[in-house]
1. Do we have residue 178 as surrounded by fewer than 16 Cβ atoms within 10 Å (Cβ to Cβ) and on the phi > 0 side of the Ramachandran plot here?
2. Could you tell me whether the stretch 287-307 includes any residue that is at pLDDT 90 or above, closer than 22 Å to residue 173 by Cα, charged (D, E, K, R) and part of a loop (DSSP other than H, G, I, E, B)?
3. Considering 35, 102, 30, which residue is at pLDDT 95 or above, hydroxyl-bearing (Ser, Thr, Tyr) and open to solvent by 20 Å² or more (accessible area, probe 1.4 Å)?
4. Which one of these does residue 107 not meet: (1) closer than 26 Å to residue 37 by Cα; (2) touching a residue at least 12 places away in the same chain (Cβ under 8 Å)?
5. Does any residue in the stretch 161-182 that is without any contact (Cβ under 8 Å) to a residue 40 or more places away in the chain come within less than 6 Å, Cβ to Cβ, of a residue that is of a type in the set (A, V, I, L, M, F, W, C) six or more places away or on a different chain, and which pairs are these?
6. Which residue is nearest to residue 312 (Cα to Cα), if the candidates are limited to the stretch 259-286 and must be at pLDDT 95 or above and open to solvent by less than 10 Å² (accessible area, probe 1.4 Å)?
7. Answer with yes or no whether residue 25 is touching a Ser or Thr at 6+ places or on another chain (Cβ under 6 Å), farther than 24 Å from residue 131 by Cα and either in contact (Cβ under 8 Å) with a residue 12 or more places away in the chain or among the hydrophobic types (A, V, I, L, M, F, W, C) (or both).
8. For residue 141, are the conditions met, namely being at pLDDT 95 or above, farther than 23 Å from residue 72 by Cα, open to solvent by less than 10 Å² (accessible area, probe 1.4 Å) and not in a strand (DSSP E or B)?
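The values are calculated or read from the model by the stated rules, or taken from the named source; none is laboratory data. What you are looking at is a predicted structure, and each value in this text was computed from that prediction instead of being measured. Cβ coordinates were reconstructed from backbone atoms using ideal geometry, including for glycine residues, and neighbour counts include every protein chain displayed. Surface areas here come from the heavy atoms of the whole protein model, side chains and all, with no ligands, DNA or RNA. Shrake-Rupley method; radii C 1.70, N 1.55, O 1.52, S 1.80 Å.
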Amino acid sequence: MVNLVEAQKPLMHALMKMAGIRPYTVEIESGTKMSFWVPSETITKPKKKEEKPKLIAKPTKPVVVLVHGFAAEGIVTWQFQVGALTKKYAVYVPDLLFFGGSVTDKTDRSPRFQAECLATALRKLGVEKCTVVGFSYGGMVAFKMAEMFPELVEAMVISGSILAMTDSISVSSLQQLGFSSSSELLLPNSVKGLKTLLSIAAYKKLWFPDRLHRDFLQVMFTNRKERGELLEGLVISNKEIDIPNFSQRIHLLWGENDQIFKLEFAQNMKEQLGDSTTFEGIKKAGHLVHLERPCVYNRCLKHFIASFLASNKTK
């Protein structure tokens, strides 16, 4: 039987290409590669199916990097944002390690390692400065990349995420949601488990036939062992948490009904991060704010990026 999620991939890919981005794989080092969707004008268009595209140019427009969360790869997560951004910006959509076609033979599963690989890949792609938009798990990677590579990341938009997952936050959040572990919540292995995750992540109840849930589980939840290790690598001791002094402008763009990382997390984080951080809530939206209310989200996102770039020009 045809997998419905797999079957719609060619359509998704065609829409991404129409929006102006194409697939490209970056070798970070031997045994580690990261798959991307990059601006079409920066790579060659293969004439034969088996031919690999080649990098031919650096981006000429301001760069926006869209970093996905834990439940889906890059272009699935950001499918409603790409077309809204590509006219004015050079958009890069990576798949983090063990998502999409990105893999490594290294044993490091920390957000730091993801950030290092992402930064290396972006530099190999000719990116010198960028605004990073991070959702959920991708937000934690974005924070780490901004901390480690301030010369690369000049601004961030963070949705449904936190600086780091401490053991106390992990335990309390999971208890409130009724789960015993992050894997139980974020790596469902049944239709019931996926339905529960979606019901928590979305503001409005989403209805899909069970077959679609099964197909989504089969396609999007691959590399389960490694992803479980990524979740374990997220949690740090309360004693290890240290609030970096970020030099970047940071915008917290939140679904006001987020049940995974509630509004209080964003408001507390704004206070911790100081005056360079702004907050904006979107009503009638949960954790999946960018998918539930894409028009409002895109408007807020574009406004922040445009105002940041404008203020940079006047300096």
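1. Details: surrounded by fewer than 16 Cβ atoms within 10 Å (Cβ to Cβ): yes; on the phi > 0 side of the Ramachandran plot: yes.
So residue 178 fits the description; yes.
2. no
3. Numbers: 35 fails: open to solvent by 20 Å² or more (accessible area, probe 1.4 Å); 102 fails: open to solvent by 20 Å² or more (accessible area, probe 1.4 Å).
Criteria check complete, one pass: 30.
4. (2)
5. As it stands, the answer is 179/185, since those pairs meet every condition given.
6. 277
7. Values: touching a Ser or Thr at 6+ places or on another chain (Cβ under 6 Å): yes; farther than 24 Å from residue 131 by Cα: no; either in contact (Cβ under 8 Å) with a residue 12 or more places away in the chain or among the hydrophobic types (A, V, I, L, M, F, W, C) (or both): yes.
So residue 25 fails the test.
8. Working: at pLDDT 95 or above: yes; farther than 23 Å from residue 72 by Cα: no; open to solvent by less than 10 Å² (accessible area, probe 1.4 Å): yes; not in a strand (DSSP E or B): yes.
No; evaluated as a whole, the condition is false for this residue.
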